[in-house]
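Let me begin by presenting the structure, written as C-alpha cells, before commenting on it.
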Amino acid sequence: MISPAHAAHSGHVHTSWANARVDNRPSADQAEGLRRLFDGRSTRALAVVSNPAVAWSGLLIESLSESMAAAGLHTLVVDASETAPVASEWAHLDLRWAIEPRADQSSYLGARGLLRHHVDAQGRAHGFLRRAAEAAPWADVLLMHAPARDLMRLFAGHDWRPILLADATPVGAMQAYGSLKSMARSGLSTFDILLESSSRPVLGPRVALRLADSASRFLSWPVGHSVVLQGPAHQDPAESSRLQDLIRAQWAQAVTCAVHRTPAFNHERLA
C-alpha cells in the first residue's frame with residue numbers, strides 16, 4: 001500500500017507506526033457481515049477526503065484497505081491526493097498499465113493530476129470511476145483518495161458518503177474542517193471521520209468530537225461514524241470494531257460504478 005514516505009510526505013516520521021503492519025482483522029462475524037453486503041457482481045467506489053496536513057494519512061488508507069481485505073474484498077486505491085505520485089504517462093494511455101499490484105488483495109494507482117483530464121462540460125468526472133473499474137475488473141472496491149473538490153466532481157449526483165481524514169494537530173483539524181466547508185453545499189446526508197492520534201492520544205477523541213459538533217452546528221451535516229486510531233487497530237479490539245462499523249456503513253452507501261467483475265483475474269498479467 002502507500003509507503004510511509006508518501007504517508008509522511010511533509011517529513012514527519014513516526015517510527016512507532018513506520019515498521020508496524022496494520023492488520024485490522026475483524027472477527028468472523030464482522031467479516032461475514034461484509035461478505036453478505038457484497039453482491040459479487042459490481043465494483044463500488046468509496047470517497048476518502050485527502051488531508052495533506054496528516055502525516056500518517058497513508059496508513060489510515062492502509063487500515064481501510066486491509067480491513068476490507070480481511071473480509072475478502074480486493075481494493076484498488078486510486079491515490080489522487082496532494083502528496084500522491086504524479087500520474088505516469090502510461091496512466092494517460094491506459095490505466096491498466098499504471099496499476100501496481102500489492103499484497104493483501106490490494107492494488108495501487110498513483111493518480112495525482114489525472115482526474116482533471118476526465119472532467120466533462122458539466123464539470124463532472126463520472127467517467128473516471130467507470131474507467132478505473134474497467135481497468136481493474138478484479139477489484140471489489142475503488143478507494144478514491146483525493147481532495148474534496150475532485151471528489152465532488154467524481155461523485156456529483158450520487159448519494160455518496162465521504163470519509164474525512166484528520167489528526168489531533170491544529171493544522172490537521174483545520175484542514176479537515178476546511179474540506180467539510182467546501183462540501184457543505186453538495187447535498188450530502190452524512191460523513192465519517194477517521195482520525196490518527198498516535199502522538200496525541202488524549203486529544204484525538206476531543207478533536208474528532210469538535211469536528212463532528214462543528215459540522216452539525218454550523219453546516220447542518222451530522223457525522224455517521226467517528227473512529228480514532230492511536231496505532232494499528234488490531235492492538236485495540238474496540239478501535240478495530242469501530243473501524244469495521246465504519247466500513248459496513250460505507251459499503252451500504254457506496255456508489256456502484258461497474259458490472260461484470262472478474263474476481264479470478266490473474267494479477268501476473270499486470271507485470
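The values are calculated or read from the model by the stated rules, or taken from the named source; none is laboratory data. All values derive from a computational prediction rather than experimental measurement. Using ideal geometry, Cβ is built from the backbone for each residue, glycine included, and neighbour counts are taken over all protein chains shown.
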Checklist entry - Among the residues of segment 84-96, is there at least one that is polar (S, T, N, Q), within 16 Å of Leu46 (Cα to Cα) and out of contact with any Cys (no Cβ under 7 Å at 6 or more places or on another chain)? => result no
Checklist outcome for this item: Turns out the helices (runs of 4 or more DSSP H) fully within segment 1-92 with at least 1 residues that are modelled with pLDDT of 85 or more and either buried (at least 23 other Cβ atoms within 10 Å of the Cβ) or of a type in the set (D, E, K, R) (or both) are 57-70
Item to check | Matching option when the condition is free of Cβ contacts under 8 Å to residues at least 12 places away in the same chain and farther than 18 Å from Gln253 by Cβ, among Pro170, Pro137 | outcome: Pro170
Checklist entry - Within segment 200-216, how many residues are over 22 Å from the mean Cα position of the chain (by Cα) and among the small types (Gly, Ala, Ser)? => result 2
Next on the checklist: I'd like to verify a number: residues in segment 184-230 that are in contact with a helix residue (DSSP H, G or I) (Cβ under 9 Å, 6 or more places away or on another chain), surrounded by fewer than 19 Cβ atoms within 10 Å (Cβ to Cβ) and either farther than 24 Å from Gly157 by Cα or of a type in the set (Lys, Arg) (or both), how many?
Outcome noted: 4
Checklist entry - So which of Gly157, Gly204 ends up being modelled with pLDDT under 95 and part of a loop (DSSP other than H, G, I, E, B)? => result Gly157
Checklist entry - Would you pick out the residues in segment 97-138 that are under 18 Å from Ala45 (Cβ atoms), in contact with a helix residue (DSSP H, G or I) (Cβ under 8 Å, 6 or more places away or on another chain) and in a strand (DSSP E or B)? => result Ser106, Ser107, Leu109, Gly110
Item to check | Index of the failed condition, Leu151 passing every other in (1) outside any helix (DSSP H, G or I); (2) more than 18 Å from Ala91 (Cβ to Cβ) | outcome: (1)
Checklist entry - Do any residues in segment 95-118 that are crowded, with 21+ Cβ neighbours inside 10 Å have Cβ atoms under 6 Å from those of residues that are hydroxyl-bearing (Ser, Thr, Tyr), where the two are at least six apart or on different chains, and which pairs are they? => result Ala98/Ser88; Ile99/Ser107; Ser106/Ser65; Ser106/Thr75
Checklist entry - What number of residues within segment 199-210 are touching a residue at least 60 places away in the same chain (Cβ under 8 Å) and within 10 Å of Val228 (Cβ to Cβ)? => result 0
Item to check | Candidate set: segment 243-257, residues that are assigned to a strand (DSSP E or B) and touching a Lys or Arg at 6+ places or on another chain (Cβ under 6 Å); chosen: the one modelled with the lowest pLDDT | outcome: Cys257
Checklist entry - Of the residues Ser42, Ser63, Ser88, Ser50, which single one is over 22 Å from Ile247 (Cα atoms) and among the hydroxyl-bearing types (Ser, Thr, Tyr)? => result Ser88
